[in-house]
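Everything below concerns the one structure shown next.
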Amino acid sequence: MKIKTYLLAAAVLCAAAAGAQAQTVRIANQGDALSMDPHSLNESLQLDVNNNVYDTLVQRNKDLSLAPGLATAWKQTSPTVWRFELRKGVLFHDGTPFTADDVVFSMARTQADGSDMKSYTNDFKSVRKVDSHTVEIETNKPFPILPDQMARVMIMSKKWCEDNQATRPVDRRKGIENAASFRANGTGPFRLRERQPGVRTVFVRNGNYWGKIEGNVQEVIFTPIGNDATRVAALLSGEIDVMEPVPLQDVERVGASANARVMTAPELRTIFLGMDQKRDELLYSSVKGKNPFKDKRVRQAFYQSIDIEGIKRTVMRGASVPTALMIGAGVNGYQPDMNKRLPFDADAAKKLLADAGYPNGFEVSMNCPNDRYVNDSRICQAVAANLSRIGVKINLAAETKGTYFPKILRRDTSFYLLGWTPSTNDAHDMLNAIVSCVDDKGAGQFNLGAYCNPKVDELTRQIQSETDKTKRNAMIREAFQLHMDDIGHLPLHQQALAWGVSKKVDVVQRADNNMSFKWITVKK
């Protein structure tokens, strides 16, 4: 591990030497974007990095409101049809003109084998080319929030994908790669110049970009630095300009430094635990012949054994908001009066386990990343310690997200930690992707433990098409109440944003943790 840390630190120093010019910004994150393929992994960091190279039909402003992107206008022509007028004169980075053919192709690609973006387009009946710069999207049912969905689906060049044998997405579950993994050809404000996975990725300003680039950055050097101390030292010494996240134990030190500041804010991401509720026997447990997580009493015992205030105090250093809901404040449909956790009660948890037939507990493996969320592996360690008090032995498998995500996305897990930010800023996103029963069209695509309540599914479909806000919120309330009563997942908290930024640099921090290169300015 030390050798790898030194190599990463050396990469940062080399990048600093090579890019020490006024309009180069050097960004470090605890992990890397795992692919340049914008449809291969529905993970916020990867999508945010790729979104600097690829555009979407609809964009988000700094306040998360919608704005025109590759589409200049959109409207419903019937309850189930949306028409998008496409921007003319836009070129892909290789000079190929952007047309409706690229939109039709990209939407189909999101539904192809290997795509991790199926939940965004799973209710599409058809995507039609009207003319060279007009497309229509027809849905199976009315879909009033469809433009919000389109703010995350990036458009690729049909010709480039065909020429480079990349018509299907990279399949992270199977370790399959193609040209789109390492190269990119978008319409976005930055071009991909260099890609060294796990080492560094270099982007350069697109001089032919169709839109406005507010910042003055000409080059962005993105470097993953997994070691917290190395990442902080690089910021404080000026070897990098921006880092995310700032380790919680270093927030005060970075904020008091002469060269840097800390930008903090609430984040929309909810961290939660999931359990395999489908298999008749868990893959990784001492219990044979049955699945303890199919028993609500076991799920509730796990829930009530977790000292969430202790995790907030000792692991998160106060920088978290414990939650009973799978969404947090700021997400459309959030209802604060519902946000009441079951009490932390180890004795009650022990009784529940005994009543379920496990008076001595049992053993189960837990999968957790160690470089994706704030203090992710430490959260898992704390949960394991809590569960040990009720007789449950956790075999913790904490690993880099590069191996963690392919494993859990294959559903090769019994118990896992995950985080989710609703990309539409709406409760429907969480319900559709995480809570819905799994189907072959993309619903429940990230419901990795296969929780299933048909009534919740029915409500989710109604929420999708309902335009009356009062009725819609009542449906959201009922769906989440059913999920809470079932103890479908174990919600933990919403984490806080903490970016370390050089005082020579201005960046825009959105509540969804997006970092857009076009809004970064290096002060002269």
* Asked: Which percent, to the nearest 5, of DSSP beta bridges fully inside the chain are antiparallel?
  -> 75
* Structure fact -> Check: C-alpha center the stretch 474-513 vs C-alpha center the stretch 166-227, spacing in Å is 26
* Taking a ≥ b ≥ c as the square roots of the eigenvalues of the Cα gyration tensor of the stretch 476-524, is the shape rounded (a/c under 1.5), prolate (a/b larger than b/c) or oblate? -> prolate
* Asked: Taking the Cα centre of the stretch 145-234 as the origin, how large is its charge dipole in debye, to the nearest 20, when only Lys and Arg (+1) and Asp and Glu (-1) carry charge on their Cβ atoms?
  -> 160
* Structure fact -> Of the listed links Lys288/Lys393; Lys312/Lys401; Lys141/Lys294, those spanning more than 21 angstrom between alpha carbons are Lys312/Lys401; Lys141/Lys294
* To do: Any chance you could list P(r) for the stretch 388-450, counting all Cα-Cα pairs in 10 angstrom bins from zero, rounded to whole %?
  => 19, 42, 30, 9, 0
* Asked: For the stretch 226-317, what does the alpha-carbon gyration tensor say about shape, rounded, prolate or oblate, given a ≥ b ≥ c as the root eigenvalues, a/c under 1.5 as rounded, and a/b over b/c as prolate?
  -> prolate
* Added length on full extension, which subtracts the Cα-Cα distance from 0.36 nm per residue, Lys523 to Arg389 -> 42.9 nm
* Asked: For Tyr54, which sequence-distant residues (separation of 5 or more, or a different chain) have an amide H within less than 5 Å of its own amide H, given hydrogens modelled in the peptide plane?
  -> Gly188
* Per residue accessible area in Å² of the chain, where ligands, DNA and RNA are left out and the probe is 1.4 Å -> 38
* To do: Go through the stretch 389-447 and name the trypsin sites (Lys or Arg not before Pro) that are in a DSSP coil and have 16 or fewer other Cβ atoms within 10 Å of their Cβ.
  => Arg389, Arg410, Lys441
* **Relative contact order (%) - criterion: Cα under 8 Å, at least six apart; region: the stretch 366-524** => 15
* Structure fact -> A student applying the Cα gyration tensor rule (rounded when a/c is under 1.5; otherwise prolate if a/b is larger than b/c, oblate if not) would label the stretch 371-524 oblate
* Neighbour net charge for Ala474 - beta-carbon separation under 11 angstrom, K R +1, D E -1 -> +1
* Asked: Counting Lys and Arg as +1 and Asp and Glu as -1, what is the net charge of the other residues whose Cβ lies under 15 Å from the Cβ of Lys523?
  -> +2
* Structure fact -> Expressed as a percent, the accessible surface of the chain that is carbon or sulfur, using a 1.4 Å probe and the full set of protein chains, is 50
* With respect to the cross-link table entries Lys75/Lys503; Lys290/Lys407; Lys129/Lys441, which display a Cα-Cα separation exceeding 32 Å? -> Lys75/Lys503
* Asked: Across 10 Å bins from 0, what is the distribution of all Cα-Cα pair distances for the chain, in whole percents?
  -> 4, 19, 29, 27, 16, 5, 0
* Calculate the length of the line joining the C-alpha centroid of the stretch 301-354 to that of the stretch 268-299, in whole Å. => 18
* **Per DSSP, loop trypsin sites (Lys or Arg not before Pro) in the stretch 288-388 with at most 12 further Cβ within 10 Å** => Lys288, Lys340
* To do: Give the span of the stretch 291-371's Cα atoms along each principal axis, as three whole-Å numbers ordered largest to smallest.
  => 41, 30, 22
* Residue-count net charge about Lys503 - beta-carbon cut-off 9 Å; Lys, Arg +1, Asp, Glu -1 -> +3
* Directionally averaged projected area (convex hull, Cα atoms, the stretch 92-185), nm² -> 6.3
* For the stretch 87-200, size of Cβ-based charge dipole, Lys and Arg +1, Asp and Glu -1, in debye -> 280
* Mind jotting down the distance between the C-alpha centroids of the stretch 34-90 and the stretch 402-468, whole Å? => 21
* Taking the Cα-to-Cβ direction at Val204 and at Ala258 and moving 7 Å from each Cα, how far apart do the two end points lie in nm? -> 3.6
* Asked: Probe 1.4 Å, all protein chains in place: accessible area of Ile27 in Å², nearest 10?
  -> 10
* Asked: Over the Cα atoms of the stretch 187-279, what is the Rg over Rh ratio if Rh follows Kirkwood?
  -> 1.08
* What list of ³J(HN,Hα) values in whole Hz, one per residue of the stretch 94-101 in order, does the Karplus curve 6.51 cos²θ - 1.76 cosθ + 1.60 (θ = phi - 60°) give from phi, with Gly and Pro shown as x? -> 8, x, 6, x, 7, 9, 4, 4
* **Under Karplus coefficients 6.51, -1.76 and 1.60, residue-wise ³J(HN,Hα) of the stretch 394-402 in Hz, glycine/proline x** => 9, 8, 7, 10, 9, 8, 4, 5, x
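The values are calculated or read from the model by the stated rules, or taken from the named source; none is laboratory data. Computed from a predicted model, the values in this text were never measured in an experiment. With ideal geometry, Cβ positions are generated from the backbone for all residues, glycine too; neighbour counts draw on all protein chains shown. Keep in mind that these areas ignore ligands, DNA and RNA; they rest on the heavy atoms of the full protein, side chains included. Shrake-Rupley method; radii C 1.70, N 1.55, O 1.52, S 1.80 Å.
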